Amino acid sequence: MNIFRFAGDMTHLISILILLLKIYATKSCAGISLKTQELYALVFLTRYLDLFTDYVSLYNTVMKIVFIASSLAIVWCMRRHPLVRRSYDKDLDTFRHQYVVLACFVLALLLNEKFTIQEVFWAFSIYLEAVAILPQLVLLQRSGNVDNLTGQYVLFLGAYRGLYIINWIYRYFTEDHFTRWIACVSGLVQTGLYADFFYYYYLSWKTNTKLKLPA
Amino acid sequence: KLFDGTKDEL
C-alpha cells in the first residue's frame, strides 16, 4: 500500500467522522442527504460481501467493518434518532435515487468480471459509489447555503477520490499489475462529479465567503 | 497484465 492510497482511505474516514461529529454535536442532520447516506450503506454492504471469504489484510478487514458500521449508524440516526430525524430536509432531498440503483444494477449485470453473485454485486457497488454523491450535491444546490461541516464532509470525500486516482498513477509506474478497469473508469467518473463542487469551494475559500452553490 | 483483477483496495 502506498502513501496516496493510505491518505485516500484516511480522508474517506475523516469525511465520515466529520459527518458523525456534526450529527452528534449539533443533533442535527440539516444539509445532509439521507438518500446519499443510504446509497453509501448499500455500496459498502454489497461490496464487502467478501468480508469473510477473501482475506487481504487486517487493515482492509477493519476498514471494511468500520465503513459498513458507520454508514449504517448514520442512516439509523437520520431515520430513527428522535432529535436528529426532525432536522432532515426531506423536501430538499428529492433526487430519484431508486432509478439510479436500478440502472447501476442493470449495468452490473451486463458489465462485470465474472457472472457470479459476488462479482455482480461488487461491480454494482462500484457503479453505485460513482453516483452516490449526486443526491447530496442536488440537496446542497437546492438549499443554497452550505454549512461548514457539510462543506468539509463533501470536500474530504472528493479528496479521497482524487487521492485514489493519484494512487493508481503511482501504482502504474511502480507495479506492473494492480487493479480492475471497472474500478478505474468508475473512479474517474466519480471524481469528475466533484469538480464543480471543488471549484465553488475554492472560490468561497479564496474570497473568504460562505460556500454557496449556484442553483 | 495491468488489470489483473486484484481486489486489494477499498
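Here, each number is a calculation from the coordinates, and none is a lab measurement. Quick caveat: nothing in here was measured; it's all calculated off a predicted structure. Here the Cβ positions follow ideal geometry from the backbone for every residue, glycine too, while neighbour counts run over all protein chains shown.
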First in region A:110-137 and farther than 17 Å from B:Phe3 by Cα, second anywhere and assigned to a loop (DSSP other than H, G, I, E, B), Cβ under 7 Å, 6 or more apart: A:Val120/A:Asn112; A:Leu134/A:Phe95; A:Pro135/A:Ser33; A:Pro135/A:Asp93; A:Pro135/A:Phe95; A:Gln136/A:Ser33
Options A:Leu21, A:Leu17, A:Leu51; residue that is away from chain B (no Cβ under 11 Å) and within 14 Å of the chain's Cα centre (by Cα): A:Leu17
Any pair with Cβ under 7 angstrom, 6 or more apart, that starts in region A:63-79 at a residue that is within 14 Å of chain B (Cβ to nearest Cβ) and in a helix (DSSP H, G or I) and ends at one that is hydroxyl-bearing (Ser, Thr, Tyr) and crowded, with 16+ Cβ neighbours inside 10 Å: A:Lys64/A:Tyr48; A:Ile68/A:Tyr48; A:Ser71/A:Tyr40
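Table: residues versus (1) outside any helix (DSSP H, G or I); (2) not aliphatic (A, V, I, L, M).
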{"residue": "A:Val154", "(1), (2)": "no, no"}
{"residue": "A:Phe178", "(1), (2)": "yes, yes"}
{"residue": "A:Thr191", "(1), (2)": "no, yes"}
{"residue": "A:Tyr200", "(1), (2)": "no, yes"}
Which numbered condition A:Lys114 fails, given (1) more than 14 Å from chain B (Cβ to nearest Cβ); (2) outside any helix (DSSP H, G or I): (1)
Some residue of region A:191-210 being on the phi < 0 side of the Ramachandran plot, crowded, with 18+ Cβ neighbours inside 10 Å, within 14 Å of another protein chain (Cβ to nearest Cβ) and under 21 Å from the mean Cα position of the chain (by Cα): no
Members of region A:76-132 found to be under 18 Å from A:Ile32 (Cβ atoms) and in contact with a Phe, Trp or Tyr (Cβ under 7 Å, 6 or more places away or on another chain), listed by number: A:Met78, A:Ala132
Scope region A:85-96; condition assigned to a loop (DSSP other than H, G, I, E, B) and loosely packed, with under 15 Cβ neighbours inside 10 Å; matching residues: A:Lys90, A:Asp91, A:Thr94, A:Arg96
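Table: residues versus (1) more than 13 Å from the chain's Cα centre (by Cα); (2) without any contact (Cβ under 8 Å) to a residue 24 or more places away in the chain; (3) crowded, with 17+ Cβ neighbours inside 10 Å; (4) under 23 Å from B:Phe3 (Cβ atoms).
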{"position": "A:Leu83", "(1), (2), (3), (4)": "yes, no, no, no"}
{"position": "A:Gln98", "(1), (2), (3), (4)": "yes, yes, no, no"}
{"position": "A:Val154", "(1), (2), (3), (4)": "no, no, yes, no"}
{"position": "A:Arg161", "(1), (2), (3), (4)": "no, no, yes, yes"}
